[in-house]
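Worksheet: the structure to be examined is printed underneath.
The values are calculated or read from the model by the stated rules, or taken from the named source; none is laboratory data. All values derive from a computational prediction rather than experimental measurement. When we count neighbours, we look across all protein chains shown, and the Cβ atoms used for this are built from the backbone with ideal geometry, even at glycine. The accessibility values were calculated without ligands, DNA or RNA, using every heavy atom of the protein model including side chains. Shrake-Rupley method; radii C 1.70, N 1.55, O 1.52, S 1.80 Å.
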Amino acid sequence: MAEKGSRARAMAGGTDILVQLRGGRFKIDRLVDIKGVPEMNQLSCSTAEGLTLGAAVPCYRIYEDQTIQKMYPGLVDAAFIIGGIQIQGRASVGGNLCNASPSGDTIPALIALGAICVIEGPKGRRTLPVEDFCVAPGKNAMEDGELLVALQFPPPAPRSGAHYLRFIPRNEMDIAVAGSGVSVVLDEDRQHIKSARISLAAVGPTPIFAREAGDLLAGKEANEESFEAAAEAAKAAARPITDMRGTIKQRVHLSGVLTKRALRKAVARAKEA
Amino acid sequence: MSEKIHVRTQINGSDVDFLCENRQSLLEVLRDVLDMTGTKEGCNDGNCGACTVIVDGTLIDSCLMLGVEAQGKSITTIEGVASPDGLHPIQQAFLENAALQCGICTPGFIVAAKALLEREPDADEGRIRHWLAGNLCRCTGYDKIVRAVLDAGQTMRGN
Ligand SMILES: Cc1cc2nc3c(=O)[nH]c(=O)nc-3n(C[C@H](O)[C@H](O)[C@H](O)COP(=O)(O)OP(=O)(O)OC[C@H]3O[C@@H](n4cnc5c(N)ncnc54)[C@H](O)[C@@H]3O)c2cc1C
Ligand code: FES
Ligand code: FES
């Protein structure tokens, strides 16, 4: 791949890149199927080590894994809504992230869960927090010749919960008008929030890490008033455009509504964890 | 680029060898190289499910898989659904429920329904509708298709 530079591209499930190549979006000399690389297909999940998710693992393997269902339901939420069953048979979370679409559904979930990208290239291996990975629409922080090997998720903290949800006009098979992924950790009393992370889809040139919206929840009671404050901060962090899927006004509004709903569900999950 | 690649795979239980270009989709290989035209092309971009096949037990759109990726895999297409003894219960149920009009979407629906009912023969209406969301039909309005799959599930459960 290094030899062909930007004229070579990786393929995991192919559900983005084959469509893009056919549409003539760009031309390449070499397409490298990375699914044969064992490290890119690994899926290992334990309470001690957390989750290592190979970059090419398709969505269905994630949501059918019972340990992941228990430990990372916020990731399962996202993997379960990418396209339909046929797409989920091929589409990977790694591909969703590398494609760096503002509306990539798994990306806010990854950001909320604090995932780390493991990147390998001619100069060696490096890691990058997932919130720094997408830099512009369709552009990620990797250099020519670099590949995403895996995503690493820290073990979920005690009393933590996460949730991702999006708004689409149809029931399934559609691109997000807006989405919100959140994770929360509760105090020992299970009434107060110790920390939270909030991330938004489809309301900016990249998925947005709304750091302030999450930070302001620290120490607050886990109630509607706090969720409302975080939702307002999420709306302030949204920088959407108007396009055929939605207007700026609608998307800002949705960022608030979805964040509030995501927080309710994440807190409910944390109370049971 | 037009150099052909030799691929050995298994389709509907038989070993198959074919030559294809590296850019050809599995759908193109099935239809244009192997003359297996039961698998249909609707959109060629993953939206309609007309090209649905099962690869190593996983349901996929064959328009979004390359032919060369079939190497060493085991593939089920619509041609492998009926048995020598007759139609599969899902095919029978589609006929009895008049679940098709133009028929373009039908092979994809039947292959997708087979993958579901083999795992979950007691799938309910909600589960069936969710599972089939990646298959589009412009003619029937879906209701008859869902009825057919519910009926087929009942037959496959043996009651
Ligand atoms: C019908 C349909 C419905 C869809 N629905 C949704 C949806 O609801 N939500 C959503 O977010 N997306 C959706 N998508 C888009 C797509 O399915 C997802 O983005 C998917 O997760 C991409 O994964 P993939 O493995 O198929 O990626 P690929 O197409 O294989 O790759 C995507 C991009 O990432 C690069 N890449 C892949 N892996 C690596 C790697 N390890 N290292 C470096 N670069 C890499 C490729 O070069 C390419 O540019 C849909 C697509 C279709 C066709
Ligand atoms: S032709 Fe493959 S999904 Fe439509
Ligand atoms: S019967 Fe015509 S598309 Fe379904």
Euclidean distance between Cα centres, the range A:43-66 to the range A:170-249, Å: 25
Within the range B:4-79, what whole-number % of the accessible surface is contributed by carbon and sulfur, with the 1.4 Å probe and all protein chains included in the calculation? 40
Over the Cα atoms of the range B:89-157, what is the Rg over Rh ratio if Rh follows Kirkwood? 0.91
Using a Cα-Cα cut-off of under 17 Å, which aspartates and glutamates could be cross-linked to B:Lys144, ignoring same-chain neighbours fewer than 8 residues away? B:Glu96, B:Asp124, B:Glu125
May I ask you to evaluate 6.51 cos²θ - 1.76 cosθ + 1.60, the Karplus curve with θ = phi - 60°, for each residue of the range A:47-53 and list the ³J(HN,Hα) values in order in whole Hz, giving x for glycine and proline? 5, 7, 9, x, 10, 10, 10
Put a dot 7 Å past each Cα toward the Cβ at B:Cys139 and A:Ile241; how far apart are the dots in nm? 4.0
Spatially proximal lysines relative to A:Lys194 (Cα-Cα < 28 Å; intrachain offsets below 8 disregarded): A:Lys70, A:Lys220, A:Lys235, A:Lys260, A:Lys265, A:Lys271
In percent, how large is the relative contact order of the range A:144-273, given Cα pairs closer than 8 Å and 6 or more residues apart? 30
So what does log10 I(q)/I(0) come out to for the protein assembly as shown at q = 0.06, 0.11 Å⁻¹, using the Debye formula with one equal point on every Cα and no solvent? -0.27, -0.89
Summed residue charge, Cβ within 14 Å of A:Lys249's Cβ, Lys/Arg positive, Asp/Glu negative: +3
Using R₀ = 56 Å, calculate the FRET efficiency as 1/(1 + (r/R₀)^6) where r is the Cβ-Cβ separation of A:Arg190 and A:Ala136; round to 0.05. 0.85
Going Cα to Cα from B:Lys40, which aspartates and glutamates come in below 12 Å? Please leave out same-chain ones fewer than 8 positions away. B:Glu28, B:Asp32, B:Asp61, B:Glu79
Using only atoms on other chains, find how many Cβ atoms lie within 10 Å of each Cβ of peptide B:18-28 and report the average. 1
How much of the accessible area of chain A, in percent, comes from carbon and sulfur atoms when a 1.4 Å probe is used? 51
Theoretical ellipticity at 222 nm over the protein assembly as shown - DSSP helices of four or more residues, -39500 (n - 2.57) apiece, nearest 500: -8500 deg cm²/dmol
Considering only C-alpha atoms, what is the centroid distance from the range B:92-159 to the range A:95-123, in Å? 36
Please give the peptides A:40-52, A:248-260 ranked by average Cβ packing (other Cβ atoms within 10 Å per residue), highest first, as a rough proxy for protection. A:248-260, A:40-52
With the Cα gyration tensor of the range A:110-205 giving a ≥ b ≥ c as the square roots of its eigenvalues, does the rule (a/c under 1.5 for rounded; else a/b larger than b/c for prolate; else oblate) give rounded, prolate or oblate? oblate
Round to the nearest 10 and give me the degree value, 0 to 90, for the angle of helix A:224-237's Cα axis relative to the longest principal axis of chain A. 40
Going by the alpha-carbon gyration tensor, a ≥ b ≥ c the square roots of its eigenvalues, is the range B:17-153 rounded (a/c under 1.5) or, if a/c is not under 1.5, prolate (a/b greater than b/c) versus oblate? prolate
To one decimal place, what orientation-averaged projected area in nm² is obtained for the convex hull of the Cα set of the range B:6-54? 3.5
With a ≥ b ≥ c from the Cα gyration tensor eigenvalues, square-rooted, and the rule rounded for a/c under 1.5, otherwise prolate when a/b > b/c and oblate otherwise, the range A:160-272 is prolate
I need the fraction of alpha carbon pairs in the range A:5-153 separated by more than 20 Å, rounded to a whole percent. 43
Percentage of Cα-Cα pair distances in the range B:1-93 greater than 18 Å, rounded to whole percent? 43
Note to self: with every protein chain in place and a 1.4 Å probe, the protein assembly as shown gives an accessible area per residue in Å² of 44
With solvent modelled as a 1.4 Å probe, how much accessible area in total do chains B and A shield from it at their shared surface, in Å² to the nearest 100? 1800
